[in-house]
Structure formats: structure tokens, C-alpha cells
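To start, the structure itself, in C-alpha cells.
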Amino acid sequence: MSNIVGIDVGGTFTDLVYSRDGATIDRVVKVPSTPQDPSIGLVDSLRSAEVDAGSLETILHGTTIATNAVIERRGATCALIATKGFRDVLELGRRDRPGMYGMSGVQQPLIPRERRWEIAGRMDHEGHVVEPLDERGLEAMAAALAQEKLDSIVIAFLHSYANPDHEQAAKAIFERANPAWQVVASSDVVREYYEFERTSTAAVQGYLQPLVSRYARNLRQRLAEVGFTRETLVMQSNGGLIPLERLGDHAANIVRSGPAAGVMAAAKIAGAAGFNHVITGDMGGTSYDVAVVVNGEPRIAETTELDFRIPLRLPMIDVHTIGAGGGSIAYIDRGGTLQVGPRSAGAMPGPICFGRGGTEPTVTDANAVLGRINPEHPIGLKYLKRLAVDKAREAMGRLGAPLNLDIEQTAEAILTIVNARMARRTRLLTVERGHDPRNFVLVAFGGAGPLHGSAIMRDVGIRTMLLPPYPGVLCALGCMVADLRYDMSQTIERPIADLDDATVVGMLKAQRDMGDARLAASGTATERTDYGQIAEISYIGQIHPLRVPIDGNSNLADMERRFETAYELEYGNTLGPIGKVLVSLMTTVHGMRSQVASAAGHAGASYVAEPVEHRQVYFGRWVRTPIFQREAMTPGASFSGPAIVEQADTTTVIEPGLAARVDAHGNILVELA
């Protein structure tokens, strides 16, 4: 594989990694994102990197377009067609509330009640027809909805996971009524029970599909204009890739596209360096994304809450996001307390020191005021020769005056607050889930991650931090190293005693065949196909099943044995003769691509790195601090904090009391001195 680029479009910057030979990284670039049309920023990154688009073999792409559309509520105008009596499933939801304390809160369904319709017709939980579908009523409904300004129709009928015939019949009626509509059947998106989650997931797909399809068309056209007509692959939230041509049909699968790419890259880099337990901390311009990797595998969440009562029932890398990024705005709340985020200055106007019209102090401004960022070498801002530190200092003075804080104290307080928020979220995914952070390595990345990694490491109690060679563009690199992936699932919910081996083996084969068909339809060259299959099983009467790995030839007796072993390992005993229920079957199909080779690691002789200069940096007081260039450090180099490491894609802060060394793979490992 040669001449490939990985491009991650973030909220503030668009990052590009280019490899000419598929074995080494030749170029990295950061350019400002273009929220009005992200495809513009993507093409800008190609131009800035001076890459000949026509010579590229593949573009691998991560995007935030789906995430932002849900957060900002700017998706499609949808109608929801539900089984009679189930119009309000999206409101009924689960017994939850937006805050831990109090009963007040606002729910904003993606499809409001006035655009939700009911129709007669019903299946039971085994897929038998209880009431015939009212097809005449559907035709009249389609004619009425044709007068509305709708982009998509979402169909979610009761028990369609067991039998999708009614949904497919309704889908055909609406497609005939108006070919311009994008029609989504819930059984095509996720074939599992959990009525609320399935309906919500279908609503997310319908809400995003027109927007994402339009983005895919625009991107294809813009790339063609600069000479690229080959394959573009897009990162999914499950850590796999999907062709651009199929993006619209899988719009809900890219909600956490960019963060998933970063987790995959961090897991691979840390694994190559000998660390199988990893905490990933991705701090960009608008958010901080944290995930956990155990035994080399990122945790996959069954359901992800995109917002209050908007669950997405699709396999996704379990990434937790908070509004804490370089562009997060600092302010004083009504109680007179200093707060940071979640509101962000974003790409436009950006932090005050970027000189693009920003007037509110941000985390980046605080780092600039404290000397942690080199004002003479702004990253990703070719139009700007020097950061406007003076303007940032003026804003810090205004912000801190009511709190009786001077400029440096205000900036330091901002960093303390944002670091505490990120550390708290990191502890949530580790300590509060039974993981000891001392057994994990922190991989800090993103444009701002290495600036704050040392503080998070100390606050959480992590012993080692790993900084990859290009941490500022790791999500773009993650797109380059990912494989194609498709996930299939089906709810069974029947006692194992009532099933037979042939039926179950046939279901597993059907799922594998569906995955193979999707791989073939993608048109993407792969070296081999790998399969992962799981059975969800519980004892009769239990609500929560256990997932056990199986293979395509597993019989029911084998599944029961595996479940009993897993149950005893989890709970210390089994429930003996009580019968078991096969809740669902799941299959993951991986199309394994030719991988970008990582440079062969080699140990270098130990030596003390020499700084290129010294600069005054604030660590509780102004300290004369050595400045190192990352490109000049080879394996074996060592140095101690306080120190600043500068490179083309980010800046790293090594706080006092920490020691750093460069390992055989070019990673910087930071530990307590």
C-alpha cells in the first residue's frame, strides 16, 4: 500500500497524515476546520500538505459531521411511523432523568411528536401476525406526508426484530409515494429487541442519513475537482472503516468516527511498545475524549447515550466526551465562581491569541499566557506568524479582576479547573469501574492532549504516560491503520431447550453471509476476512445476559457450557439446573486491509538530550525551562521536567518532578522521577 493519507476533521482543526510508501510517515499537517462545509477543510489539508491528490491510492477519513448534527440539532426533518399505540415511545424511554438530583429537565427528541404517526398492524414477539398491516392506511398517510417538507421517513414497528415483513412492506409504500424520501426501517438498522433503543437508533439514522449522504456527495465532487477519483474510506464508531459510497446507509455508525480512530491508533502504538492496558486521552479544540483499552482491546459499548434519552443501540468504542478542549471558554458564573467550558470558541473565531476575532479567554489562551506554547510558532495557522499573547493577557486580567487574581494566577486557575474535569472523567472510566489506573499507561494525544497529560497523569495516579511520535494527528493516523468492519445482530429470546442446532447454525451462517455481501459490495481490496461471533445468554427469569464468544459451528450444548464457565467466573457460582435463554446472536465481519507498517524499533544508546533554547514558563512561578525539538530526539534520549517539547503538530509539557525518555519506537515515556 502506497500513497495514502489519513484525514481527521475535528471541531477546530483538520489533521492530515501522508505516507508515500506505506511504511513511514512523510508529512503531517494541521489546518483550520471549516464547519460550514467540512469537505472544504479536508481539501485544504491536501493543498497545505502539497499532496498530489491524483496520485493517491486511498484517502482514509474520520469526521465529526454526525456528532455535531446531533449536538446542534441540525439534522434532517423526519417523520416516524409507529405501531398503533406506540407513537410516544421516544418520550416514554426508560426510568431516567437528566440530573442526579431533582426531577426537572428538558428532553428534545430528534423527531417531535407532531411528526410521529401511528398505523394499525401488529406482530407478536415470535414474529407471528396478530393484526394485518393497514396498507391502505399507509398509502393515505404517505399521500398526506407528501405535502409536508420531509427529508426522511423512519419506520419502527413493534417486534420487527422477530419479523420485519410489516416494516419492509411499509418501506416499499413510502418509497413508491415519494422517491426523494430516504426511508429507514428499524429492522435494517438494528435487529434487536429493546423497543425504545431500537426506535431511537432508527430515528438517529433517519435524522442523519440525508445530511451524511449530502456530505458524501459533496466530498466526492470536491475530491474529483482536485483529481482524486479512487477509494475513500470513512471511520466508523466501532473502529472499522466503510466506503464513502455506503456512508449514507450507515450514517448512525459514524457518530463517534474521529475519536474511535484515535483509540485504535493509541491501542496499536501502546501495544507495540509493550503496554496492553491503556487509557486514551484525546484533547482537541472543543472536547476531551477518554477511553479504556484492556488486554489490547478497546471496550465496546452496546448502547451509547448521545444526549438525554437519545440512546444509540449500535456497537461503538466506549468513548466518553466532555466539553474540555483548547478552545473551551473560561467565565465567571452567576455564583461568582470561575468555570471552564463546555462552550467553545471552536474554529471560528477561536482563542483570542489566534487573532481571528475571539474575545473570550480560552484554555489555549491560558497556555499561551503561561509560556507553555511558543508564541513564535503557532501550530496549524500558517496565516499567523505570531500568537497575540498581549491580547490574551489583557483578557486574563479582565477575567481575574473580580476574583482578585493576577494574570498568571487566572491562567493557572483555568488550567487547574480543566485538568480536574478531565481527571474526574478519567477516574470514572477506571477507578469507578474497578480498574487500577496504576496498571495502565496514559496515551495523551490530540492538539492539546500533550499540554495537559502530565497534570492528568498525576491527578489520577497513572504511573506512565506515552506520547506517540505524532500525537497531534493521531486520529488521522488511526484512520490509516483501521480495517473494514460490519456488525450484524438478531434477537432470538427463546429458551435453549426449544431450539435446535440446525436453526442456530443457520442463523450464524446467515449473519456471516450478510457481512460477506457487505464487504463485497464495498469494492474495497482486503487481504483476508476475519469473523467474530457472540451469543448472549441468560438464565430464565434474568434480565441481564452474558456475552460469550462462539464460532460458526458452535452447537447449543457448547454455548451452554461456555455460558456456565463465564457465569461462574463472573459471579462465583452457577444456578444449576435452571434453564437458559438464548437472547441474541451477533456477528462481526472484519475485512483486513494491508497495514501501514510501523518503523522497526531499535534501542539507542542512552544520552541526555540537549535543549535548543530556554524560555520562561510558569509552574506556580516563572521558571527558566529547557525547550526541546521532538525531531532532534532519537531513541535513548532522556531529560527531566520542567521541560517543553515542541513539534509540528503539538506541544508537550513535562511538569517538574517527572522524567522522560525516548523508547525504541520513538515514543516519549514520562514517569515520576
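The values are calculated or read from the model by the stated rules, or taken from the named source; none is laboratory data. These numbers come from a predicted model, not from an experiment. A quick note on method: Cβ atoms are made from the backbone with ideal geometry, for glycine too, and the neighbour counts reach across all protein chains shown. Note: areas computed on protein heavy atoms with side chains; ligands, DNA, RNA excluded. Shrake-Rupley method; radii C 1.70, N 1.55, O 1.52, S 1.80 Å.
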* Asked: For the range 379-480, which trypsin sites (Lys or Arg not before Pro) are in a loop by DSSP, counting at most 16 other Cβ atoms within 10 Å?
  -> LYS382, LYS385, ARG386, ARG463
* Structure fact -> Measure of exposure for LEU405: accessible area at 1.4 Å probe, Å² rounded to 10, is 50
* Structure fact -> One point scatterer per Cα, no solvent, Debye formula: log10 I(q)/I(0) for the range 1-132 at q = 0.16, 0.21 Å⁻¹ comes out as -0.85, -1.18
* **Student exercise, the range 408-562 dipole from Lys, Arg, Asp, Glu Cβ charges, in Debye to nearest 20** => 620
* Dipole of the range 457-525, Cα-centred, from +1 at each Lys and Arg C-beta and -1 at each Asp and Glu C-beta, to the nearest 20 debye? -> 440
* **Rounded to whole Hz, the Karplus (6.51, -1.76, 1.60) HN-Hα couplings of the range 234-251, x for glycine and proline** => 10, 6, 9, 6, 8, x, x, 9, 9, x, 4, 5, 9, 5, x, 5, 10, 4
* Structure fact -> So the carbon and sulfur contribution to the accessible area of the chain, 1.4 Å probe, in percent, is 50
* With the Cα gyration tensor of the range 447-515 in hand, convert its eigenvalues to equivalent ellipsoid semi-axes via √(5λ) and list them largest first in whole Å. => 46, 19, 8
* To do: Search the structure for amide H atoms under 5 Å from the amide H of THR464, placed 1.01 Å from N in the peptide plane, and list their residues when 5 or more places away or on another chain.
  => LEU442
* Structure fact -> Ranking LYS171, LYS84 from most to least accessible area with a 1.4 Å probe gives LYS84, LYS171
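Run the numbers for ALA605 and HIS128: contour at 0.36 nm per residue of separation, minus the present Cα-Cα distance, in nm.
Length gained between ALA605 and HIS128: 164.5 nm.
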* ARG176 paired with VAL505, simple spin-label distance in nm, labels 7 Å along Cα-to-beta-carbon -> 4.1
* Can you tell me how much longer the chain between ASP37 and ARG547 gets when fully stretched, taken as 0.36 nm per residue apart minus their C-alpha distance, in nm with one decimal? => 179.5 nm
* What translational diffusion coefficient, in µm²/s and rounded to a whole number, does the Stokes-Einstein relation yield for the range 79-157 at 10 °C and a viscosity of 1.306 mPa s, taking the hydrodynamic radius as the Kirkwood radius over Cα pairs? -> 109
* Asked: Which whole-Hz ³J(HN,Hα) couplings does the range 438-452 yield from phi under the Karplus relation 6.51 cos²θ - 1.76 cosθ + 1.60, θ = phi - 60°, glycine and proline marked x?
  -> 5, 8, 10, 9, 8, 9, 9, 8, x, x, 10, x, x, 5, 10
* For LYS385, list the lysines whose Cα falls under 26 Å from its own Cα; do not include residues on the same chain fewer than 8 positions away. => LYS30
* Distance histogram for the range 1-55 (every C-alpha pair counted, 5 angstrom bins, percent rounded to whole numbers) -> 5, 23, 31, 21, 13, 6, 1
* **Average silhouette area of the chain, convex hull of alpha-carbon atoms, in square nanometres** => 30.9
* Structure fact -> Between the modelled labels at GLU376 and ARG624 (7 Å from Cα along Cα→Cβ) the distance in nm is 1.7
* Count neighbours as other Cβ atoms within 10 Å of each site's Cβ, and list the GluC sites (Glu not before Pro) in the range 67-151 that are DSSP loop with at most 11 such neighbours. => GLU126, GLU148
* Residues of type lysines that LYS84 reaches as a straight line, Cα spacing below 29 Å, ignoring anything fewer than 8 places off in the same chain -> LYS149, LYS171
